[in-house]
1. Could you give me the residue pairs with C-beta distances under 9 Å whose first residue belongs to segment 15-30 and is loosely packed, with under 14 Cβ neighbours inside 10 Å, whose second residue is in a strand (DSSP E or B) wherever it lies, and which are 6+ apart or on separate chains?
2. Can you name the condition, by its number, that Trp363 falls short on among (1) at pLDDT 95 or above; (2) open to solvent by 40 Å² or more (accessible area, probe 1.4 Å); (3) closer than 23 Å to Phe298 by Cα?
3. Report, by residue number, each residue of segment 293-315 that is surrounded by fewer than 20 Cβ atoms within 10 Å (Cβ to Cβ) and touching a strand residue (DSSP E or B) at 6+ places or on another chain (Cβ under 7 Å).
4. Return yes when Thr534 is touching a residue at least 40 places away in the same chain (Cβ under 8 Å), in contact with a helix residue (DSSP H, G or I) (Cβ under 8 Å, 6 or more places away or on another chain) and surrounded by fewer than 23 Cβ atoms within 10 Å (Cβ to Cβ) and no when it is not.
5. Output the number of residues of segment 169-184 satisfying the condition of being in contact with a strand residue (DSSP E or B) (Cβ under 7 Å, 6 or more places away or on another chain) and under 30 Å from Trp53 (Cβ atoms).
6. Scan Val723, Val736 and give me the residue that is open to solvent by less than 50 Å² (accessible area, probe 1.4 Å), of a type outside the set (Phe, Trp, Tyr) and either under 29 Å from Gly320 (Cα atoms) or modelled with pLDDT of 90 or more (or both).
7. Of everything in segment 376-410, what is farther than 30 Å from Met1 by Cα and assigned to a loop (DSSP other than H, G, I, E, B)? Give them in sequence order.
8. Among the candidates Glu231, Glu216, which residue alone is modelled with pLDDT under 95, open to solvent by 10 Å² or more (accessible area, probe 1.4 Å), of a type in the set (Asp, Glu) and under 22 Å from Ser460 (Cβ atoms)?
Amino acid sequence: MYFNKISHPENFVFATRANPKRRRVEVAGLSCRLEVQSLGGDVHRVTVAHERWPHHGSQAELASSVPGETRHRVELTSRGSLALLGPDGQPVLRGADTGTFGVCGTAWMFQFHHEPTMQFYGLGEHSGTLEKSGQRMKCWHTDLFGDFSADEVRRLPPNPMYASMPWVIVRQGDCHVGLLVDHPGSVFIELASNFLWARCPSPEMRRQSFYLGAREGQPDLYVIVGPSLPELTRKLQHLVGRTPLPPLWALGYHQSRWGYAGPRDLRAIDDRLRRHRIPCDGLWLDIDYMDAYQVFTFAPEHWGRARDVKRAVAALARAGRRVVPILDPGVKARRGYAVCDDGLARGMFCQHPGGRPFVGFVWSGSTYFPDFSRPEVRAWWAGLVRTFAATGVAGAWLDMNDPAVGSVELDDMLFDRGRRPHASYHNQYALGMARASHAGMLAARPDTRPFLLTRSAAFSTSRYAAMWTGDNVSSWHHLRMSIPLSLGLALSGVPFNGADVAGFFDNTTPALAVAWYKAAFLFPFFRNHSEYRTRRQEPWALGAAACTVITHYIRLRYKLLPYLYQLFIAQAETGEAILRPLFYDFADTAGCPLGRIDDEFLVGPALLQAPVVHENRTSRALVLPGPARWFSAHDGRWLTGGRTVTARAAGGATPLYVREGALVPMQAGERTDARNDLADLEVHCFLRPDTRGTHPLRYACDDGESFAYQRGVRTRFALEASVADDGTLEIAITDVTIGYRPVRFRLVTYATFTRIRIRRGEHQTELESAPHRWRFTGRTLAARITRPYRLTAS
């Protein structure tokens, strides 16, 4: 497949005539039915039906309705063009002058008029800048090191990657419109690159259009109007599936390396973590734990017998370390291997055109691949995962599910008992594996929230698994790229994501590793992982100075777990983004254009990170969006937003800012292990005596592991902070529901107040300087005025 060549409108015939009342469009001699359906919430679906495209094929689980008001409409004109019209009847987005819907054989496209003021975002895991204008791509999941040379991956890396999603955000002014193509195979997208050499004198260089389409399959396009980016993101997440609340341990720090093979390795890592007082929830197993790389097995030379596996995993769990093993979809083609024999007997594997099981080549050599397009195969795989989970492993790491088949041609890998071509399901293969694995984990432990991590993803994967950005490289270039990659995924329906910290391939350095931890310690997923031939990059392996700084930021993540947990609750309940570009919460100004900034990001609404991601630099220029004011955590200053500032980041410091008015829940004290208590809080109050307005915090906590919160076993309360005219900091406690445990909190301020007044209903108490306790509803609460926590290392 050509990854960098896509279809061009000059080879398509576009519809020039339509009958809107009969919902018919005439194009290239075809009379097609074109349906425009409103799903609510300003979400519209456009489908084109004709016998030329008899099979839709998509297994994405997209909602059939979206809550909210519909104020825009998609109109089909008598000339065959499509337009998105606003409440005033004026076009917000319209088809290109040369036509909107076009065909070329079985290929089709939707083409839209391009304005120079437009900006583009999304595209899933698409490398490069956050803003995508002038780019073109083919959505086709790749095995990066299997489809490109190592040099290409090191330098670029190339596109497409592991999760190229046909989702484009069109930003024009303050309005955001999303275009989603629901298709299980290859989709091409061209964002006004004009498709010609830069020096070409042709007038075609002035062509102003952008388009999306596919080479086969039924045309199915969703048009979503935000109009703001937060509204658009929430609607997309409702459509494709919000991320269910994960277990709390999944939000902690994870340590992995290709080469950890058995209990001895994991106990050694556990010992070093304890010695250095580094909190860590997950210890991960790459392929070496398996018996001859056979999935669902443990190598007896490392693990002993089955009962020894359970004992070893249980012992690590008691020590606070969850064990997460890798699961590859490939099944070793070997008679006598139970999974292989059973799969062959039941016909569970993909076929080649000759009607026999398709063979690829991965770690185990000759390999069969489950046909996840079929529900009975997903049920079979779920049963295997259920049995595997009985060993006590806490989750599963789904790798090589792009699918990776070595150097074998993918076109020979057929689905649905050989009846469907490979392209009919390629991009959703990982989705099928995630669905099946999730079902297996739930079957094994019905009241425990599953945690799965996947390399490839499609629309709806967010319902089942987090995603890491795949095999990256230990380089400053890949560190820089990790930020727009994760932001692009966050805006494309995959909010729970992160990169391998310090890099997977090649040797990291202490300076690079420290910079990567500073940049990624608040990414939704936080794991150190490396390849077995590289230098060791566990924190203590990088030298005492680097280990000290890295340890601080791991501990700071644990301190901030209550805040991160609230972001995941908001994602599960409303679809709110976790990691965000600056223009998610702030508007552009002439002095601060935010749409192209991709080396800064927001973590929720309160925290802004601007890490140093260039070698040998100890400072950087950054934009603080306005009109907010910001507390600089690395030097303790309050700064006015809406301008560019310079921040120093020498030693252990990193540019980290907290928005004025934020009430940030944190765990008490400094966390030196993975024992967490979401009901024992410090509420860090970032108000000043001259802060205006009322600033809320809604907080919820539960056991962090089970589904009991869905049955009401959750404590909730709200705080509102404001400053009175006399300079008194006023805290109002409201909406208290104690379904889990009473919450104790300490109040930490970052400015001096002569008086703090705390109210609960008609009751109130005032704090001067000493620790106080008070009782409102028969339950004892505590507050303490204390010095601010050192948020960045010195």
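The values are calculated or read from the model by the stated rules, or taken from the named source; none is laboratory data. Nothing here was measured: the structure is a model prediction, and the numbers come from that model. Don't worry about glycine lacking a Cβ; one is built from the backbone with ideal geometry, like all the others, and counts go over all protein chains shown. Remember, those area values only see protein heavy atoms, side chains included, never the ligands or the DNA or RNA. Shrake-Rupley method; radii C 1.70, N 1.55, O 1.52, S 1.80 Å.
1. Arg17/Val25; Arg17/Glu26; Arg17/Val27; Arg22/Arg33; Gly29/Val13
2. All conditions are met except number (1).
3. Tyr293, Thr297, Ala299, Pro300 - these are the residues of segment 293-315 that are surrounded by fewer than 20 Cβ atoms within 10 Å (Cβ to Cβ) and touching a strand residue (DSSP E or B) at 6+ places or on another chain (Cβ under 7 Å).
4. Judged against the criteria, Thr534 is not a match.
5. Residues flagged as in contact with a strand residue (DSSP E or B) (Cβ under 7 Å, 6 or more places away or on another chain) and under 30 Å from Trp53 (Cβ atoms) within segment 169-184 amount to 10.
6. From the options Val723, Val736, the qualifying one is Val723.
7. Scanning segment 376-410 gives Ala390, Thr391, Gly392, Val393, Ala394, Gly395.
8. Being modelled with pLDDT under 95, open to solvent by 10 Å² or more (accessible area, probe 1.4 Å), of a type in the set (Asp, Glu) and under 22 Å from Ser460 (Cβ atoms) holds for just one of Glu231, Glu216, which is Glu216.
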